[in-house]
1. May I ask you to sort Glu54, Glu114 by Cβ crowding, counting other Cβ atoms within 10 Å and putting the fewest first?
2. Got a sec? How would Lys80, Lys23 order by Cβ neighbour count within 10 Å, fewest to most?
3. For the range 10-26, take each phi angle, set θ = phi - 60°, evaluate the Karplus expression 6.51 cos²θ - 1.76 cosθ + 1.60, and give the result in whole Hz per residue in order, putting x for glycine and proline.
4. So between Glu113 and Gln6, what do we pick up on full extension, going 0.36 nm a residue minus the alpha carbon distance?
5. Kindly rank 67-75, 31-39, 5-13 from highest to lowest mean number of other beta carbons found within 10 Å of each residue.
6. Between helix 91-106 and the chain, what is the angle of the helix's C-alpha long axis to the longest principal axis, kept within 0 to 90° and rounded to the nearest 10?
7. Mind checking which lysines have their Cα closer than 16 Å to the Cα of Lys80? Skip sequence neighbours fewer than 8 apart in that chain.
8. Given H placed on each backbone N at 1.01 Å, which residues far from Ala19 in sequence or on other chains put an amide H within less than 5 Å of it?
Amino acid sequence: MAFTKQATIKGAKYNYVLAPTAKRYTLRDNGFTETSSGNFQLARPLQATPQSKEGFKLKITVAKDLGTFKMSVTTANGLKTVDIFKDSQQEMVQEKFYYLMDGMIDRGLFIKEEI
């Protein structure tokens, strides 16, 4: 998956764009870690219990220039991308995804655009 200026996950109602207020320290303050290549990466579980080793994981990677990013929801091991919006049984996971993204919007990392 390539870095883009706006991204979303399959089936979501919104596109997300990096906010102009997003800075390196803002990313670090919100749980992003700097990779060896200089990019910033966040991986958050989307299950009811964070200690659970099964379920889905939200992965967001921001390029080191803070201009582009990519995001996906993967299996717990991070190897396969999944669509959490195709199944109505995943409602709690969908709510958690929107909750996490809304939290990052409130902190000035992203801007939400309706599709």
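1. Working: Glu54 10, Glu114 6.
Least to most surrounded, the residues fall as Glu114, Glu54.
2. Values: Lys80 9, Lys23 13.
Lowest count first: Lys80, Lys23.
3. Computed from phi, the couplings for the range 10-26 are 4, x, 6, 8, 10, 9, 10, 10, 5, 6, x, 7, 6, 10, 4, 5, 5 Hz.
4. Numbers: separation 107, 0.36 × 107 = 38.52 nm, distance 0.93 nm.
My answer for the length gained is 37.6 nm.
5. Details: 67-75: 17.7, 31-39: 12.8, 5-13: 15.4.
Ranked by mean Cβ neighbours within 10 Å, highest first: 67-75, 5-13, 31-39.
6. Its long axis makes an angle of about 20 degrees.
7. The qualifying lysines are Lys10, Lys53, Lys57, Lys59, Lys70.
8. Here the answer is Phe110, Ile111, since their amide H atoms fall under 5 Å of that of Ala19.
None of the figures in this text is laboratory data; all of them are computed from the coordinates on show. Please read all numbers here as calculations on a predicted model, not as lab measurements. Please note: Cβ atoms are built from the backbone with ideal geometry, for glycine as well, and neighbour counts cover all protein chains shown.
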